[in-house]
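Note sheet for the following structure.
The values are calculated or read from the model by the stated rules, or taken from the named source; none is laboratory data. Just so we're clear, the structure is a prediction, and the values are computed from it rather than from any experiment. Please note: Cβ atoms are built from the backbone with ideal geometry, for glycine as well, and neighbour counts cover all protein chains shown. The area values use the complete protein model at the heavy-atom level, side chains included, leaving out ligands, DNA and RNA. Shrake-Rupley method; radii C 1.70, N 1.55, O 1.52, S 1.80 Å.
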Amino acid sequence: MSERLCDVAIVGGGPIGAALALALTGSGLCVTVLEARADAGGGNDARTLAMSYGSRLLLERLRVWDRIASATPITSIHVSQRGGFGRTMLDAPDAQLPALGYVVRYADLQRAIVDTLIRENVDLIAGAEMTDMNPSPERVAIEFRQHESSQRLCARLLVIADGGGAAAERAGAGIKVSDYGQHAVVGLVSTSRFHAQRAYERFTPNGPMALLPFEDRYALVWTAKPAAADRLMAIAPDEFLRDLQHDFGDRAGRFTSIESRARFPLTLRYAEDPVMNRIVMLGNAAQALHPIAGQGFNLGLRDAWELGEILVRHAGEDPGGVRALSRYRSMRRPDRVRGIALTHSLVKIFSNDFGPLRAARGAALALLDLLPPMRRAFTQRMIFGVSRR
C-alpha cells in the first residue's frame, strides 16, 4: 500500500471542501483533496442552490464567482403565511445591497470550483473513497481506494466535508438527529408571469413552500408530510400544478409546467462538537439543516472560510494542533449555534396551525414589515450570519 504525506487532507471535493482548499492556496501548507466521485466537476447534476450575497463575496475572494456559468439574482423576498394575516417584504435596496442572494445550478458551481482548483494546482484525487481513518496525537492516517487499489494518506489535519454523516460517525463524533416528519418535493416550475427576481417564502400548516427565481423559471421547494409527498410525486403534472396553485395562490401568476420532480426527507442532523482530535467537520458533515430560509450552504461556506483564515494565520504552526482548532471552534460557535437554532425554530413555529400561534406569526410578520430597522437587522443576519464580514 502506497503512502502519501500532507499537512491538510480534505475528504469531500464539493463546494465546501473545495472552498477550504482554495482558501489555503499560497499558505505554504500542503493540501490534498479526496473526492469520491470520479467526475469531480459535478456532471449533469440538475439541483439548484440558493446562496446569500455574503456567500457571493466569499466566492469572489476565492476567485470562483466569475467562473460560474449563470447566477440568477434575488432582489426581493415576499414572506407570508397561508390562512392568516401578516406578510413582509425583504428587498435589496432596503439592505443597501445589489442582491439579497442568488440561485445557481449546483453543477455550474461545482464545475467552477473544480476549474479553479485545477488552475491553482491543488492536489485533487478524484474517484477516491475513504475506507478508514486512524487519528493519533501527531497525525491522522487515512486509507482510501482509487481504481481498485488501496492507498494511504497521512495528514496533520483531516477535514471531513463529504456532505454526509457517515465519515463523521466513523470518526466518533456525537451526532444529534431530529426528524421533522417532512419531505421536500422539488422541481422547476414555469409561470405565466415573469419572476422579476423576486423569491417567495410561503408558510403553510404542512410546512414552508419556497419559489426561487432561476433563469426564466422558479426553483420550487414544497414541504409536505411523507404521504402527501408520495402523492405529489405520483400525480400527473396538471394535477400537481392545480394543487400547487391552491396552496400557493396567484402571487407568482398561473403555474404552467413542472419539470425535474424529486423528493428528499428533511431532518436536522448536526455534530455536537465539529472539532475533534486533529479532525474538523465542515458543511453538511457538521450540520445538515432544513431548507427553510436557505441557511445550510451559506453557513457551511462561512465555516470553510473561517477555518481557512485561521490556518493561514497560523501557517507556521501545526494545522491540527490544539491552538488553531480551539480558535476555530470558539470563532464559529456563535454563528453555528444561532444558525441551527434559527432554522429549527422557524420550522417548529411555522409548521403549526394552532390558532393563537398563527395569529402571533402574523403579528410578527406585520411588525417586521412596519419596523425597517428590525427588518434590516434580520436581513443582515440572514445574509452574513454573525461572523465577520
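Values as computed for the structure displayed
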| read-out | value |
| --- | --- |
| Number of the condition not met by Asp303 [criteria: (1) at pLDDT 95 or above; (2) surrounded by fewer than 24 Cβ atoms within 10 Å (Cβ to Cβ); (3) under 17 Å from Ser55 (Cα atoms); (4) of a type outside the set (S, T, N, Q)] | (2) |
| Hits in the range 49-64 - residues which are surrounded by 18 or more Cβ atoms within 10 Å (Cβ to Cβ) and assigned to a helix (DSSP H, G or I) | Tyr53, Gly54, Ser55, Arg56, Leu58, Leu59 |
| Among (1) within 18 Å of the chain's Cα centre (by Cα); (2) modelled with pLDDT under 95; (3) over 23 Å from Gln182 (Cα atoms), the one test that Gly339 misses | (3) |
| Residue ID - most open to solvent (accessible area, probe 1.4 Å), chosen from residues in the range 66-89 that are outside any loop (DSSP other than H, G, I, E, B) and at pLDDT below 90 | Arg87 |
| Pairs where the first residue, in the range 3-23, is outside any loop (DSSP other than H, G, I, E, B) and the second is open to solvent by 10 Å² or more (accessible area, probe 1.4 Å) and of a type in the set (Val, Ile, Thr), C-beta under 6 Å, 6+ apart | Val8/Val31; Ala21/Val31; Ala21/Val122 |
| From Leu311, Leu268, residue being modelled with pLDDT of 95 or more and out of contact with any Lys or Arg (no Cβ under 6 Å at 6 or more places or on another chain) | Leu311 |
| Matching option when the condition is aliphatic (A, V, I, L, M) and buried (at least 17 other Cβ atoms within 10 Å of the Cβ), among Ala46, Ala38, Ala19 | Ala19 |
| Residues (open to solvent by less than 10 Å² (accessible area, probe 1.4 Å) and either under 13 Å from Asp7 (Cα atoms) or in contact (Cβ under 8 Å) with a residue 60 or more places away in the chain (or both)) located in the range 307-319 | Leu307, Gly308, Leu311, Pro319 |
| Pairs with Cβ under 8 Å, 6+ apart, first in the range 205-221 and at pLDDT 95 or above and of a type in the set (Ser, Thr, Tyr), second assigned to a strand (DSSP E or B) and open to solvent by 10 Å² or more (accessible area, probe 1.4 Å) | Tyr218/Leu188; Tyr218/Ser190; Tyr218/Thr191; Tyr218/Leu212 |
| Extreme residue, nearest to Glu143 (Cα to Cα), among residues of the range 24-44 that are among the charged types (D, E, K, R) and in a loop (DSSP other than H, G, I, E, B) | Arg37 |
| Options Asp179, Asp162: the member that is outside any strand (DSSP E or B) and not small (Gly, Ala, Ser) | Asp162 |
| Whichever residue in the range 90-103 is open to solvent by less than 50 Å² (accessible area, probe 1.4 Å) and of a type outside the set (Gly, Ala, Ser) and, among such residues, is farthest from Pro373 (Cα to Cα) | Val103 |
| From Asp132, Asp123, residue being of a type in the set (Asp, Glu), more than 28 Å from Ser260 (Cα to Cα), open to solvent by 60 Å² or more (accessible area, probe 1.4 Å) and more than 22 Å from the chain's Cα centre (by Cα) | Asp132 |
| Test result for Tyr102, among the aromatic types (Phe, Trp, Tyr) and in contact with a Leu (Cβ under 7 Å, 6 or more places away or on another chain) | no |
